[in-house]
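The values are calculated or read from the model by the stated rules, or taken from the named source; none is laboratory data. It should be emphasised that the depicted structure is a prediction, and the values quoted were computed from it without experimental measurement. Ideal geometry is used to build each Cβ from the backbone, glycine not excepted, and the neighbour counts take in all protein chains shown.
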Amino acid sequence: MLGRSTHYWVILEKGTPVTHPHPHPLLDLPPLTAARFAAIERRVAALLGTRQDVVITQGEALLPLEGCIRSAARPGSTALNVITGPYGQTFGGWLRDAGAEVVDLEVPYHTAVTAEQVGRALAGHPAIDFVSLVHAEAATGNTNPVAEIGEVVRGHGALFMLDAVASVGAEPLLPDEWGVDLCVIGAQKAMGGPAGVSAVSVSARAWERMAANPAAPRRSYLSLLDWKERWIDGGRKALLHAPAQLEMLALEACLARIEEDGAETVMRRHRAAAAATRAGALALGGGLGPYVREAREAAPVATTLRTPGGTDASELVAAALTADGSLPLVAGGGALAGEMIRVNHYGADATPDVVLASLTGLGRALREKGVQANTEEALETANETWKSFIS
Ligand SMILES: *Cc1c(COP(=O)(O)O)cnc(C)c1O
């Protein structure tokens, strides 16, 4: 009898088990078929409610974001890069690398950008033919009004790229309705999946723009056109390389779970987590408060908090994590490390228990630093707020 061992074929004695001596659920996976890959793409398209082509990219979401920019922008392009957090900064670098003229529109990170501001920038620079925008910013806690902005961008005729990594699953995302040409998502935030897989929906207009760009990456891991020409135009029969099974299976499982729970339910959990965290933090007192000033501009995926004067966000987070290392708390990145705390209540952490435990941890940390904090009041307020989301 022939059996497959770890690395080689061997003749097995009669009765020898053919399974690996050390089976493991993540190892020895069979290759993922093209048909299954295509089926997962269709489910991503359904999640986004899009009729456009979906390309699954087997890497962290920065892969399709960089691929989109390097494919669509070129010398002679003028790009409006809206900066409402750190990812916008990154996009500006890639746009300049691609040779585009870049108009930066930066707003303070405690607010969202408005369609009016985008409209003014477009009117001031008629040559703009590409707009990049982040939908929700997990890093700064704001979310931008994409429907209204999309209308303005469409009116101008520019190609519209949206980073929806932190909004997918947490809040409504309607790329077709909003006129988004390139909509990038990742599995690792509200979808509750791994960071190693992402996807982008691509409009016909965006494919045309890329095809007309001689500098667009080809024969490259960054190339979206390779997937268009060899996978999509070939009828989704042959994959470009061995698919990353673990990530693809995990993405499939994320989609199944969202389909089972209902996208509306998953989004409601994130909205409830954000509202409860915001209200609870205010009730905690001691000067802790929401970083994003207007509740309607606060992202459902994560809540950012401004620390009381005289305290340091990194120290407060370290104190809270010393007592409970499982809390989804991090200090803001870079210059925000002193003044901003992020509560990453997304995916598995979009639950009342996690929100209440986070508030408890923050209350304890504040008191340790000599700041008055009313944890009981905070928990009661957060609990009541959460309940108001349950119909
Ligand atoms: C999380 C996130 C990404 C992915 O980047 P990471 O550095 O892996 O976190 C991209 N864009 C946005 C808006 C995100 O929130």
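Of the residues contained in the stretch 228-249, one or more are found to be acidic (Asp, Glu) and in contact (Cβ under 8 Å) with a residue 60 or more places away in the chain. Scanning the stretch 54-75 for residues that are away from the ligand (no atom under 16 Å from the Cβ), in a loop (DSSP other than H, G, I, E, B) and among the small types (Gly, Ala, Ser) yields a total of 1.
In the condition set (1) crowded, with 19+ Cβ neighbours inside 10 Å; (2) within 21 Å of residue 172 (Cβ to Cβ); (3) touching a helix residue (DSSP H, G or I) at 6+ places or on another chain (Cβ under 9 Å), residue 43 is compliant with all but (1).
Within the stretch 172-192, the set of residues being among the charged types (D, E, K, R) and either under 15 Å from residue 60 (Cα atoms) or surrounded by fewer than 21 Cβ atoms within 10 Å (Cβ to Cβ) (or both) comprises 176, 177, 189.
Would you point out the residue of the stretch 140-195, among those that are of a type in the set (A, V, I, L, M), away from the ligand (no atom under 14 Å from the Cβ) and assigned to a helix (DSSP H, G or I), that is nearest to residue 336 (Cα to Cα)? The extreme case among them is 149.
Scanning the stretch 348-389 for residues that are assigned to a loop (DSSP other than H, G, I, E, B) and closer than 14 Å to residue 271 by Cα yields 350, 351, 388, 389.
Rundown of residues vs (1) away from the ligand (no atom under 16 Å from the Cβ); (2) crowded, with 19+ Cβ neighbours inside 10 Å; (3) free of Cβ contacts under 8 Å to residues at least 12 places away in the same chain; (4) among the aliphatic types (A, V, I, L, M), yes/no style:
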residue	(1), (2), (3), (4)
52	yes, yes, no, no
77	yes, yes, no, no
80	yes, yes, no, yes
89	no, no, yes, no
94	no, yes, no, no
97	yes, no, no, no
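Within the bounds of the stretch 296-307, is there any residue that is surrounded by fewer than 20 Cβ atoms within 10 Å (Cβ to Cβ), at pLDDT 95 or above and not in a loop (DSSP other than H, G, I, E, B)? Looking for residues that are surrounded by fewer than 20 Cβ atoms within 10 Å (Cβ to Cβ), at pLDDT 95 or above and not in a loop (DSSP other than H, G, I, E, B), one finds at least one in the stretch 296-307, hence yes.
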